[in-house]
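Colleague: Got a structure for you, written out below as structure tokens; questions coming shortly.
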Amino acid sequence: MPAIEVRTPQRNYAALVARGVLDELPRHLPRGHGRVFVVSTADVWRHQGERLARALDGVDHAVLHLPGGEEQKRLAPLEALAERMVHLGGDRSSIVVAFGGGVVNDMAGFLAAIFMRGIPVLQVPTTLLAQVDAAIGGKTGVNLVAGKNLIGSFHQPLAVLVDPSLLATLPEREYRAGLFEVIKYGVIRSPEMFEILRSARARVFAQDPEVVDGLIADSVRIKAEVVSADERESGLRRILNYGHTFGHALEAETGYARLLHGEAVGFGMNAAAFLAEQLGLIPAQTAEVMIETVLAYGPIPRLAELDAGRLVSRLAHDKKTIQGHVHFVLPVRIGEVVVRSGVAEAEVRRAMERALAC
Ligand SMILES: NC(=O)c1ccc[n+]([C@@H]2O[C@H](COP(=O)([O-])OP(=O)(O)OC[C@H]3O[C@@H](n4cnc5c(N)ncnc54)[C@H](O)[C@@H]3O)[C@@H](O)[C@H]2O)c1
């Protein structure tokens with residue numbers, strides 16, 4: 001079983017990728033632990049709860065539900081859950097098991113970070129996006145009205161259990177949205193992954209374990225490598241934002257309602273490929289291959305009526321804009337990106353227009 005090490009100043013831990021790893025969950029609980037609080041949503045629990053409950057047979061635990069959904073990724077439900085935990089005998093020896101998609105991973109991780117000033121969390125992601133991204137790296141938090149993920153903390157898990165068999169019940173659109181993040185890893189770090197995504201599309205869509213499990217493990221490995229080199233995103237970790245700078249602007253412009261996060265990243269990768277081509281970083285043919293690949297994993301909802309100018313002005317408000325400078329992660333070839341700031345606004349606008357027209 002691929003055991004991928006994540007090394008951070010806070011703690012070192014393993015991300016384990018294997019079908020059936022969920023069933024071994026109790027092995028990853030620390031000796032002498034107190035009550036286990038499984039934090040999930042009614043939706044995830046309906047699809048996959050039985051398996052987790054079976055794995056926890058004989059372990060003292062309680063299952064708590066968050067409302068689920070990006071619009072409910074707020075502080076208030078965490079306060080209510082913390083009250084419940086105290087009521088149910090939670091203390092400093094308690095453990096949180098975050099069982100769900102990225103929303104649950106972020107919220108339950110943050111709950112663990114602040115409950116009694118911090119208790120351990122075990123991440124068990126159930127969406128593709130969470131398996132290859134959100135559950136690894138220790139970023140936790142919730143949204144404010146003012147913007148996404150504006151309160152939170154770094155709280156590294158005890159371990160991340162990535163069980164690709166959990167994806168069998170995932171709605172197809174959610175699965176596709178996660179695949180855009182997998183494409184991202186190919187573009188930023190792995191021509192081999194990118195090639196598999198191009199040549200084995202039907203097998204990827206069919207969730208063929210021979211292809212998909214390898215892609216998930218490779219994605220986890222890349223995320224782990226990058227996070228291990230740069231936990232707090234001062235340097236290398238920025239490359240993980242490939243497609244995200246544009247994507248965040250699009251999500252904000254559409255009120256976080258029309259697109260899934262991964263779809264917005266797909267749009268963002270197209271805009272980044274166009275921009276890189278305009279700036280002479282990649283030839284037109286490479287940009288074309290990148291865009292063609294993203295579109296082959298679509299559809300991304302139609303966006304043609306959106307105004308590129310408004311998206312450009314949103315870029316300045318991104319949380320990752322540093323002292324007014326927008327940093328763009330741009331490809332220089334398939335498998336390598338650079339970070340650029342000081343890009344002329346007209347070029348950014350043109351790249352947005354071209355991506356909106358795709
Ligand atoms: N912390 C990080 O580093 C990081 C990185 C990327 C994204 N994120 C966050 O992740 C969130 C998005 O995560 P997401 O895309 O997983 O969305 P999500 O958590 O909302 O899950 C998507 C949907 O899939 C359902 N679902 C989950 N697992 C299922 C399963 N196995 N079977 C059937 N249905 C299932 C959920 O109920 C939900 O309706 C965003 O809030 C984003 O900010 C965090």
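The values are calculated or read from the model by the stated rules, or taken from the named source; none is laboratory data. Note that this is a predicted model, so its numbers are computed, not measured. Heads up, the Cβs are rebuilt from the backbone with ideal geometry, glycines too, and the neighbour counts pull from every protein chain shown. Side chains are part of the model used for accessible areas, which takes the heavy atoms of the whole protein and leaves out ligands, DNA and RNA. Shrake-Rupley method; radii C 1.70, N 1.55, O 1.52, S 1.80 Å.
Colleague: What are the trypsin sites (Lys or Arg not before Pro) within the stretch 68-98 that DSSP puts in a loop, where the Cβ has at most 10 other Cβ atoms within 10 Å?
Modeller: Taking the stretch 68-98 and a limit of 10 other Cβ atoms within 10 Å, the loop trypsin sites (Lys or Arg not before Pro) found are Arg92.
Colleague: Something else: Rounded to whole Å and sorted largest first, list the principal axis extents of the Cα atoms in the stretch 172-356.
Modeller: Between the extreme Cα coordinates on each principal axis of the stretch 172-356 lie 44, 37, 32 Å.
Colleague: Okay, next question. What residues have an amide H closer than 5 Å to that of Ser153, excluding those fewer than 5 places away on the same chain, when H is modeled at 1.01 Å from N in the peptide plane?
Modeller: Thr140, Gly141
Colleague: Moving on. How large is log10 I(q)/I(0) at q = 0.06 Å⁻¹ when the Debye formula is applied to the Cα atoms of the chain, each weighted equally and without solvent?
Modeller: -0.21
Colleague: So what's the angle, to the nearest 10 degrees on a 0 to 90 scale, between helix 244-253 and the longest Cα principal axis of the chain?
Modeller: For helix 244-253, the angle is close to 90 degrees.
Colleague: For a quick check of understanding: with a 1.4 angstrom probe and all protein chains in place, what accessible area in square angstrom does Asp91 have, to the nearest ten?
Modeller: Here the residue's solvent-accessible area equals roughly 70 Å².
Colleague: Whole-Hz ³J(HN,Hα) for each residue in the stretch 4-9, computed from phi via Karplus 6.51 cos²θ - 1.76 cosθ + 1.60 with θ = phi - 60°, x for glycine and proline: what do you get?
Modeller: 9, 8, 10, 10, 9, x
Colleague: A further question follows. Between the stretch 139-216 and the stretch 249-264, how many Å separate their Cα centres?
Modeller: Using only Cα atoms, the two centres lie 17 Å from each other.
Colleague: Taking the Cα centre of the stretch 172-356 as origin, sum charge times position over the Cβ atoms of Lys and Arg (+1) and Asp and Glu (-1), and report the length of that vector in debye to the nearest 20.
Modeller: I would put it at about 340 debye.
Colleague: Under the rule of -39500 (n - 2.57) per DSSP H run of 4 or more residues, summed and divided by the residues of the chain, what mean residue ellipticity at 222 nm is obtained, to the nearest 500 deg cm²/dmol?
Modeller: -13500 deg cm²/dmol
Colleague: Can you classify the stretch 3-169 as rounded, prolate or oblate using the Cα gyration tensor, where a ≥ b ≥ c are the square roots of its eigenvalues, rounded means a/c under 1.5, and otherwise it's prolate if a/b beats b/c and oblate if not?
Modeller: In terms of gyration-tensor shape, rounded.
Colleague: Name the residue farthest towards the positive end of the dipole of the chain from the options Val332, Ala229, Pro67, assuming +1 on Cβ of Lys and Arg, -1 on Cβ of Asp and Glu, about the Cα centre.
Modeller: Looking along the dipole axis, the top candidate is Ala229.
Colleague: Where does helix 75-87 land angle-wise versus the long Cα axis of the chain, in degrees 0 to 90, nearest 10?
Modeller: Helix 75-87 sits at roughly 10 degrees to that axis.
Colleague: Compute the long axis of helix 42-55 from its Cα atoms, compare it with the longest principal axis of the Cα atoms of the chain, and write down the angle in degrees, 0 to 90, nearest 10.
Modeller: The answer is roughly 50 degrees.
Colleague: Contact order normalised by length for the chain, with contacts defined as Cα pairs under 8 Å and 6 or more residues apart; what percent is it?
Modeller: 15
Colleague: Considering amide H positions built from the backbone, and no H for Pro or chain starts, which residues 5 or more places from Thr8, or on another chain, come under 5 Å of its amide H?
Modeller: So Thr8 has HN proximity to Tyr13.
Colleague: A further question follows. Output wanted: per-residue J couplings in Hz (rounded whole) for the stretch 56-72, from phi through Karplus 6.51 cos²θ - 1.76 cosθ + 1.60, θ = phi - 60°, x for Gly and Pro.
Modeller: In residue order, the calculated couplings are 9, 3, x, 9, 5, 8, 9, 10, 10, 10, 8, x, x, x, 4, 5, 9 Hz.
Colleague: Per 0.36 nm of contour for each residue apart, how much would the distance between Arg84 and Leu144 grow if the chain were fully extended, relative to their Cα-Cα spacing?
Modeller: Value of the extension gain: 19.3 nm.
Colleague: Also, quick follow-up: Taking springs between alpha-carbon atoms closer than 10 angstrom, which of Asp133, Asp218, Asp307 fluctuates most in the Gaussian network model of the chain?
Modeller: Residue with maximal mean-square fluctuation among Asp133, Asp218, Asp307: Asp307.
Colleague: Okay, next question. Share of antiparallel DSSP beta bridges in the chain, in percent to the nearest 5?
Modeller: 45
Colleague: On to the next question. Check Leu66: other-chain or 5+ apart residues with amide H under 5 Å from its amide H, H built from backbone geometry?
Modeller: Placed amide hydrogens put Ser40, Thr41, Ala42 under 5 Å from Leu66.
Colleague: How large is the dipole of the chain about the Cα centre if only Lys and Arg carry +1 and Asp and Glu carry -1, each at its Cβ, rounded to the nearest 20 debye?
Modeller: The dipole of the chain has a size of about 600 debye.
Colleague: In whole Hz, what ³J(HN,Hα) sequence does the stretch 113-118 give by Karplus (6.51, -1.76, 1.60; θ = phi - 60°), x for Gly and Pro?
Modeller: 5, 10, 5, 6, 6, x
Colleague: Then there is this: Stokes-Einstein diffusion coefficient for the stretch 86-192 at 20 °C in a medium of 1.002 mPa s, Rh from the Kirkwood formula over Cα pairs: what value in µm²/s?
Modeller: 146
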